[in-house]
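> After the C-alpha cells below, expect a handful of questions from me.
The values are calculated or read from the model by the stated rules, or taken from the named source; none is laboratory data. Everything quoted here is computed from the prediction, not taken from an experiment. So basically every Cβ, Gly included, is an ideal-geometry build from the backbone, and we count neighbours across all protein chains shown.
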Amino acid sequence: MLCFNPGMQPRLAVLLTMLVFVLPPAVFAGGKAATKASLSFHMETDANDNPKMIFAEVIGGQTHYFRRMPEITTKDVVSFNPFPSDAGGDDYGIVFRLNDTPAKRFAAITNANQGRWLASQINGRAVDAVVIDKQIDDGFLVVWKGASLADVKLFDSFLPRCGQEGKKPQKPKKK
C-alpha cells in the first residue's frame with residue numbers, strides 16, 4: 001500500500017502513483033519475452049465441480065464442462081507441424097510434439113480418462129475437441145481443425161517444425 005506524506009506535493013504523488021501502476025509489465029518480468037501464442041488442452045469434468053474451476057463448451061449441440069486448469073500447455077510442446085483441415089479454406093489443423101515428461105504425463109491422463117472429451121484452445125479460443133478412446137503414448141497431440149494461418153505463423157515465430165527440433169525457428173522474411 002502506498003502512503004503519502006500529507007505535505008507531499010500533489011503532482012509528485014500523482015507521478016509516483018503513475019510510475020507504480022503504469023510501468024510496463026516487461027519491467028517486472030525481468031526482461032523475458034512473452035510467449036506470442038498460447039496453446040492449452042483441457043480435460044472434461046463434471047458440471048457439479050466448483051464453478052470457478054470449470055468452463056462450458058457446446059459440442060455437437062450438447063454442453064460439456066472442462067477444467068480451467070489445462071493438462072498440457074505451450075511450454076510442454078517442443079515442435080509442431082500444420083496441415084490443411086478437412087473444413088477447407090484457411091482452416092488448419094496442427095500436430096504438436098510433446099517433451100518427454102509431459103508426454104508420459106499425458107499418457108497417464110489419457111489412460112485414466114477414456115470416454116471423456118479433451119478440448120483444445122489456441123490463444124484462448126476454443127478450436128477443437130475430441131473424445132479420448134485410448135491411451136495416447138506417442139507424445140503427439142493433434143488439433144484437427146480451427147487453427148488459422150495467423151495462428152500457424154505465431155507458432156512459427158517461436159517453435160520449430162517437427163523434424164527440425166535442434167534448429168531455431170526461422171523469423172519471417174521482410175518484404
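> Which members of region 143-157 meet the condition of being surrounded by 15 or more Cβ atoms within 10 Å (Cβ to Cβ) and either among the hydrophobic types (A, V, I, L, M, F, W, C) or on the phi > 0 side of the Ramachandran plot (or both)?
Result: V143, W144, G146, A147, V152, L154, F155.
> Mind checking which residues of region 54-77 are among the aliphatic types (A, V, I, L, M), in a strand (DSSP E or B) and within 12 Å of M43 (Cα to Cα)?
Correct list: I54, A56, I72.
> Quick check on my filter: what residues within region 74-118 are more than 13 Å from V142 (Cα to Cα), touching a Ser or Thr at 6+ places or on another chain (Cβ under 7 Å) and not charged (D, E, K, R)?
T74 - this is the single residue of region 74-118 that is more than 13 Å from V142 (Cα to Cα), touching a Ser or Thr at 6+ places or on another chain (Cβ under 7 Å) and not charged (D, E, K, R).
> Is region 163-175 home to any residue that is under 20 Å from S79 (Cβ atoms), surrounded by fewer than 17 Cβ atoms within 10 Å (Cβ to Cβ) and at pLDDT 90 or above?
So far as region 163-175 goes, no, none of its residues is under 20 Å from S79 (Cβ atoms), surrounded by fewer than 17 Cβ atoms within 10 Å (Cβ to Cβ) and at pLDDT 90 or above.
> Sticking with this structure for a sec: May I ask you to list the residues in region 46-65 that are within 19 Å of the chain's Cα centre (by Cα) and touching a residue at least 40 places away in the same chain (Cβ under 8 Å)?
E57 - this is the single residue of region 46-65 that is within 19 Å of the chain's Cα centre (by Cα) and touching a residue at least 40 places away in the same chain (Cβ under 8 Å).
> On to the next question. Do you know which residues across region 130-150 are in contact with a Lys or Arg (Cβ under 9 Å, 6 or more places away or on another chain), touching a residue at least 40 places away in the same chain (Cβ under 8 Å) and not in a loop (DSSP other than H, G, I, E, B)?
Hits for region 130-150 are F140, L141, G146.
> Quick one: which residue in F80, F4 is at pLDDT below 95, of a type in the set (F, W, Y) and either closer than 26 Å to I122 by Cα or assigned to a loop (DSSP other than H, G, I, E, B) (or both)?
Residue meeting the stated conditions: F4.
> Select from region 109-129 the residues that are closer than 18 Å to D90 by Cα and part of a strand (DSSP E or B) and list them in ascending order.
Passing the criteria: Q121, I122, R125, A126, V127, D128.
> Report, by residue number, each residue of region 90-108 that is in a loop (DSSP other than H, G, I, E, B) and more than 20 Å from the chain's Cα centre (by Cα).
D90
> Taking A87 as the residue in question, decide whether it is outside any strand (DSSP E or B), modelled with pLDDT under 95 and closer than 24 Å to E165 by Cβ.
Taking the combined requirement at face value, the residue does not satisfy it.
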